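Following: one structure in structure tokens, then a few remarks.
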Amino acid sequence: MKTIKNNIAIYQEGDSTKKTILFIHGFPYDHTMWNSQVDNFSSSFHCVTFDVRGLGESPAGDGQFTMESFVDDVEYIIDELQLVKPILCGLSMGGYISLRAVERFENKLGGLILCDTKPEADDNEGKLKRAASIKKINTLGVQEFVAGFVPNCFAENSIKELGKTYNAILEKSSASDPTGVKGCLLAMLGRNDTTGYLPKIKIPSLVLCGQNDKLTPPQSMKKLADKINNSDFVVIPGAGHMTPIENPDAVNAAMRNYFKKFFN
Ligand code: MLT
């Protein structure tokens, strides 16, 4: 079921009286990157996904986004849908949003799943890369930017194996509103470092990383997981940065195992 609230496209599957998993997708994608997880878990959970403002079906507006405004949107969804301590699950940019959400309102959350992400803010080199990406979009368009960015997110084998599905993802991202894509880049460029809060996280956490993730590799995600007291770390075989799409079976198995913590 899709609803638009506060200019955010929100999608709900499953019984809303059950425990909620609130999924936050990566950049420059949309809520459909969680399709396999929603298909798998909506019989036993209330699965909520949404399109981050400026991507998918959530309009870009003026594109003046910050990481704080993205976290405001998560809090808005929790309050508006009256979600009781949802398990927050974010990938990459969705992980940046999740980590800052935990820092701001851990009391409203029941659990945390971090996929292929990091707590560090952009360093100088990272900021210059974001600036170059914005320049590329301004001069050559979103399609050229996406053609350079998206292949890096997937393991080479996955691109071959996914075939048409990969092409469809590429095509969809290429059709994104440039204002929204640039707004997300600026929000990521300006985000805070959330490393300091990791040892304070109390909710049960699961950290997942693709074995062949080039953007947030397993060694760095292991360090992230080690800083969270109540956390499990699982490497997803054969996957790059887009674990839920590249190896959904392994991701779902890891999540299923983690979810047992909520039913003891
Ligand atoms: C993502 O997958 O969300 C992006 O790789 C995040 C980023 O560009 O930092």
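All of the numbers you see were taken from the coordinates with simple rules; none came from a lab. These figures come from a predicted structure and were not determined experimentally. FYI the Cβ positions are ideal-geometry reconstructions off the backbone, even for glycines, and counts take in every protein chain you see.
In region 152-166, is there at least one residue being under 17 Å from the mean Cα position of the chain (by Cα) and crowded, with 16+ Cβ neighbours inside 10 Å?
yes
Looking at (1) assigned to a helix (DSSP H, G or I); (2) in contact with an Asp or Glu (Cβ under 9 Å, 6 or more places away or on another chain); (3) within 14 Å of the ligand (Cβ to nearest atom), which is the one condition that is false for Pro119?
Among (1) assigned to a helix (DSSP H, G or I); (2) in contact with an Asp or Glu (Cβ under 9 Å, 6 or more places away or on another chain); (3) within 14 Å of the ligand (Cβ to nearest atom), Pro119 violates only (1).
Any residue in region 131-160 that's hydroxyl-bearing (Ser, Thr, Tyr): show its pairings with residues that are outside any helix (DSSP H, G or I) at Cβ separation under 7 Å, as long as the two are six or more apart or on different chains.
Between residues of region 131-160 that are hydroxyl-bearing (Ser, Thr, Tyr) and residues that are outside any helix (DSSP H, G or I), the close pairs are Ser158/Ala239; Ser158/Gly240.
Go through (1) part of a helix (DSSP H, G or I); (2) under 23 Å from Ser43 (Cα atoms); (3) in contact (Cβ under 8 Å) with a residue 40 or more places away in the chain one by one and return the number of the condition Ala253 breaks.
(3)
Keeping to region 186-245, report how many residues are in a loop (DSSP other than H, G, I, E, B), among the hydrophobic types (A, V, I, L, M, F, W, C) and either within 22 Å of Lys129 (Cα to Cα) or in contact with a His (Cβ under 6 Å, 6 or more places away or on another chain) (or both).
Here is the first cut: in region 186-245, the residues in a loop (DSSP other than H, G, I, E, B) are 190-194, 201-204, 211-217, 228-230, 237-242.
Then drop every residue that is not among the hydrophobic types (A, V, I, L, M, F, W, C), which leaves 201, 203, 215, 228, 239, 242.
Those left that are additionally either within 22 Å of Lys129 (Cα to Cα) or in contact with a His (Cβ under 6 Å, 6 or more places away or on another chain) (or both): 215, 242.
So the answer is 2.
Scan region 106-116 for residues that are part of a loop (DSSP other than H, G, I, E, B) and within 16 Å of the ligand (Cβ to nearest atom) and jot them down.
Asp116
If I ask for residues that are assigned to a helix (DSSP H, G or I) and in contact with a Ser or Thr (Cβ under 6 Å, 6 or more places away or on another chain), which ones from region 57-105 would you list?
Across region 57-105, the qualifying residues are Gly95, Leu99, Arg100, Glu103.
Determine the pairs where a residue that is among the aromatic types (Phe, Trp, Tyr), located within region 12-27, has a partner that is assigned to a loop (DSSP other than H, G, I, E, B) with Cβ atoms under 7 Å apart, the partner being 6 or more residues away or on another chain.
Filtered contacts from region 12-27: Phe27/Ser92.
Of the residues in region 1-42, how many are away from the ligand (no atom under 16 Å from the Cβ), in contact with a helix residue (DSSP H, G or I) (Cβ under 9 Å, 6 or more places away or on another chain) and of a type in the set (A, V, I, L, M)?
6
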